[in-house]
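Notes for the one structure printed next.
The values are calculated or read from the model by the stated rules, or taken from the named source; none is laboratory data. Only a predicted model underlies this, so the values are computations on that prediction, with no experimental measurement involved. Every residue, glycine as well, gets a Cβ built from its backbone with ideal geometry; the counts of neighbours run over all protein chains shown. We work out accessible area using only protein heavy atoms, side chains counted, and drop any ligands, DNA or RNA first. Shrake-Rupley method; radii C 1.70, N 1.55, O 1.52, S 1.80 Å.
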Amino acid sequence: MMKRNLLFIAAVAAASLLMAALQKPLFMLRYYELTAAAGECAAADIFRVMWHGIKLDISVAGYITALPALVALVATFWTRRWFTTLLKVYFVIISAISAVAFTVNLGLYGYWGFPLDSSIMQFLATPREAAASVTAVEWIAYTAVAAAVCAAMTACYFAVLRLFDCSDRPRNRFVQAAVMLLACGFCFLAIRGGTGVATANISKVYFSRVTFLNHAAVNPLFSFLSTLAHDDKELYQYDLMPEEERAQTFDAIFKGEGCDSDAENGSSQLLTTQRPNIVLFIVESFGCSTVYETVDGVEVAPHFRDMTGDGVYFSNFTANAARTDRGTLAILSGFPAQTRTSVMKDPARSRHMPSIAASLKRAGYATSFYHGGDLNFTNMSSYLYATGFDSLTSLKDMHFDAPTSKWGYADDVTLDDFARKVGCLSQSGQPFFATMLTLSSHEPFDVPYNKFEDRMLNSMAFTDECLHNWIERMKRTPAWDNMLVIIVADHSYSYPYNISNAVPERYRIPMLWTGGAVRGPQVIDTYASQTDLAATLLEQMGLPHDDFRFSRDIMCPEVPHFGYFTFNNGFGVVDSTGATVFDCTTQRVISPDSTAWQLKAGKAILQTTYKSIREMH
């Protein structure tokens, strides 16, 4: 009995995986024109789609197999003939749901241009209007496809069901129960997506710069269920002022008359050229509270502090949040952080974001992103591919003769390889925008370095030295002369320890522009946020930035300048007059030095942020 039931569980998982994989070539056949346009060899692309898509197929197979595994576990102690009937009903339901998800995705992709997600629920409220767009022939054809897929899946599952045995209670039922419990554990592991930090998400199957191939690899049932879990009610809870007042306040903040850089006298022109090669370092947790810390008179980040005297240093810069996904989105897309949601985790919305990469790509730049960890975490790779990055390099692409931490390779290894890649890019003759997200200054702060007893401060010192070594290496090459290096933190660390997330100092981070393309050293003490990098950089390059509606040119005197951040159900605004921190849960200001203008501006930004998110779908 134990062997048969164990084989039964394995067969259910294998059948689920096989049927999910076989749906992908059918999908690509339906959209054969897009398949043919994706590459030179359609057969190879089909294989790649199936290979990469298997990650989410395994997760779906885990979900489907969980109940049969649980029934097999219960059957070791409680034998009932109707268990077989229960599983038959279950398999029919699973087959029907899977078939409908596949068929709806098959039909809608041509209209939507993205995989099936929970946005289809919006159309169920008005089914007559939704059905009006579908011809009778299409209804018949897709209904037939759904019925055929459902019938095939049901027949397959029923064949597998013959292996299930609940005829009598086994003598070694405790041993069998332990084995069945282990099988349930493997189902959970499959559902989670492995033992790594990043759980199963749509981004895991993204592998190509061709969007269609990424979409073809997505399991439509997984896509629907994962987006169904998103609670859109939160998107409507920040209507803090009447719409007309919101629009007027927001426009007054972000729509200045325009500020052209004065290239002749250099009063606001920071660069020696409008087309530098750009390297952007997004440094993990590199906040001012740690960068400027000393331990017994020894500086934690002495190299970075020295570098601030060689470039343009922005001394009053604010992180938009305390999470990497929010901070990265703010830096690259100029979009404010959210309080309790994450646009990056929602590919259906994140693909609508503007980005520095897309703007530079239109200007002829090659765009690439480098990270020593897993870019599937928080669906980052899908966001990066969708917003203009041509090439992504992450942990799965690296094979260094070096140990990895919980998150990936240490910064010394990855920065060394990144220097080599930047060197190759500089010799290509094409301008480039290369971004690197560092890793080592992240919990658990496991680094090959021993300078401070405090593990967190020690990791910050390690990253500081790695960045210094990279800069010094670049200075010895001709590439440095036309290079702009931007160093900015994704967020700061909670230091001093246990500092509240509602304290403005928690979000103070450094930003430094250095490199041979920088006109000269200076300190910019204007208050600004991560969202302002996009407009500032593109303005310096003479490129348009109208699509970055939340981004302000830091060098422009015609708009108000301040830092903005969000935390769990609250926001903060900080400028030269003080700070306003507002708790949306209690609907009250919790900072002592608030001003009416700061409060109104913060409310307008938060409300507009969520209004924009609603409009992305």
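For the structure I just gave you, tell me whether Ser529 is polar (S, T, N, Q) and out of contact with any Cys (no Cβ under 8 Å at 6 or more places or on another chain).
Taking the combined requirement at face value, the residue satisfies it.
Restricting attention to the range 465-504, report how many residues are assigned to a helix (DSSP H, G or I) and more than 27 Å from the chain's Cα centre (by Cα). Qualifying residue count, the range 465-504: 13. Residue count for the range 19-44, restricted to those that are within 20 Å of Cys156 (Cβ to Cβ), in contact (Cβ under 8 Å) with a residue 60 or more places away in the chain and not basic (Lys, Arg): 5. Within the range 530-547, not a single residue is in contact with a Gly (Cβ under 7 Å, 6 or more places away or on another chain) and either acidic (Asp, Glu) or outside any helix (DSSP H, G or I) (or both). Taking first residues from the range 401-423 that are under 13 Å from Asp374 (Cα atoms) and partners that are at pLDDT below 95 and part of a helix (DSSP H, G or I), the Cβ contacts under 6 Å between residues at least 6 apart in sequence or on separate chains come to Gly408/Leu395.
Considered as a group, the residues in the range 73-113 that are open to solvent by 30 Å² or more (accessible area, probe 1.4 Å) and among the aromatic types (Phe, Trp, Tyr) include one that is farthest from Val145 (Cα to Cα), and that residue is Phe77. Regarding the range 316-323, can at least one residue be identified that is over 18 Å from Ile509 (Cα atoms), basic (Lys, Arg) and in contact with a helix residue (DSSP H, G or I) (Cβ under 9 Å, 6 or more places away or on another chain)? No, the conditions are met nowhere in the range 316-323.
Among the criteria (1) surrounded by 15 or more Cβ atoms within 10 Å (Cβ to Cβ); (2) at pLDDT 95 or above, the one Asn450 does not fulfil is (1). Number of residues in the range 180-195 that are open to solvent by 40 Å² or more (accessible area, probe 1.4 Å) and either modelled with pLDDT under 80 or assigned to a loop (DSSP other than H, G, I, E, B) (or both) equals 1. Comparison of Leu395, Leu437, Leu415 shows that the only residue that is crowded, with 17+ Cβ neighbours inside 10 Å, closer than 25 Å to Arg323 by Cβ and modelled with pLDDT under 95 is Leu395.
Which residue pairs have Cβ atoms under 9 Å apart, sit 6 or more places apart or on different chains, and have a first residue in the range 492-513 that is in contact (Cβ under 8 Å) with a residue 12 or more places away in the chain and a second that is open to solvent by 50 Å² or more (accessible area, probe 1.4 Å) and in a strand (DSSP E or B)? Pairs that qualify, where the first residue is in contact (Cβ under 8 Å) with a residue 12 or more places away in the chain and the partner is open to solvent by 50 Å² or more (accessible area, probe 1.4 Å) and in a strand (DSSP E or B), are Ser492/Arg508.
Condition check for Asp547 on (1) open to solvent by 10 Å² or more (accessible area, probe 1.4 Å); (2) touching a residue at least 60 places away in the same chain (Cβ under 8 Å); (3) within 24 Å of Gly311 (Cβ to Cβ): one failure, at (3).
One residue stands out in the range 565-617 among those that are of a type in the set (Lys, Arg) and surrounded by fewer than 19 Cβ atoms within 10 Å (Cβ to Cβ): the one that is farthest from Ala247 (Cα to Cα), namely Arg588.
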